[in-house]
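Beneath this line is the structure, given in structure tokens, with notes to follow.
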Amino acid sequence: MNSGRPETMENLPALYTIFQGEVAMVTDYGAFIKIPGCRKQGLVHRTHMSSCRVDKPSEIVDVGDKVWVKLIGREMKNDRIKVSLSMKVVNQGTGKDLDPNNVIIEQEERRRRAFPGYTG
């Protein structure tokens, strides 16, 4: 699947952009969402699917579902781009940003750094 060219972040939406994507795959730890306009997929970890605890992501989404997501992180790791998405900060009915100042995201990031074993 790799065309031999290194991946770049050029085609990715900007950080904190909200868009509607399609669920490509559901795993035990989250769901991979197709990012429109590029070949990349991003992960919505199960801790970012809902403000309630999610034990089985398959109970929240199915392959082919359209969901609203916010791009909350992107990083290069071993020549691969890792894209992190969140569903819980976006109204799934309207696509409206429920965390316009990114307060929830920043609080969780600080908590995760302070407690390395923290999973949400």
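Each reported figure results from applying straightforward, stated rules to the coordinates on display, with no laboratory input. The structure displayed is predicted, hence computed values, not measured ones. As a convention, Cβ positions derive from the backbone with ideal geometry for all residues, glycine included, and neighbour counts pool all protein chains shown.
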### Query
Which value in deg cm²/dmol, rounded to the nearest 500, describes the helix-derived mean residue ellipticity at 222 nm for the chain, given -39,500 (n - 2.57) per DSSP H run of n ≥ 4 and division by the residue count?
-3000 deg cm²/dmol
### Query
In whole Hz, what ³J(HN,Hα) sequence does the stretch 70-82 give by Karplus (6.51, -1.76, 1.60; θ = phi - 60°), x for Gly and Pro?
10, 6, 10, x, 8, 8, 8, 9, 6, 6, 10, 8, 9
#### Entry: Loop chymotrypsin sites (Phe, Trp or Tyr not before Pro), the stretch 21-120, which have at most 16 other Cβ atoms in a 10 Å radius of their Cβ (DSSP)
29, 118
### Cα-centred dipole magnitude for the chain, charges only on beta-carbon of K, R (+1) and D, E (-1), debye, nearest 20
220
### Task
Principal axes first, then extents: for the Cα atoms of the chain, list largest minus smallest coordinate on each axis, whole Å, largest first.
40, 33, 28
### Message
Out of the trypsin sites (Lys or Arg not before Pro) in the stretch 36-120, which ones are loop residues according to DSSP with at most 14 other C-beta atoms within 10 Å?
### Response
39, 53, 96
#### Entry: Extended-chain gain in nm, criterion 0.36 nm per residue less alpha-carbon gap, residue 80 and residue 11
23.4 nm
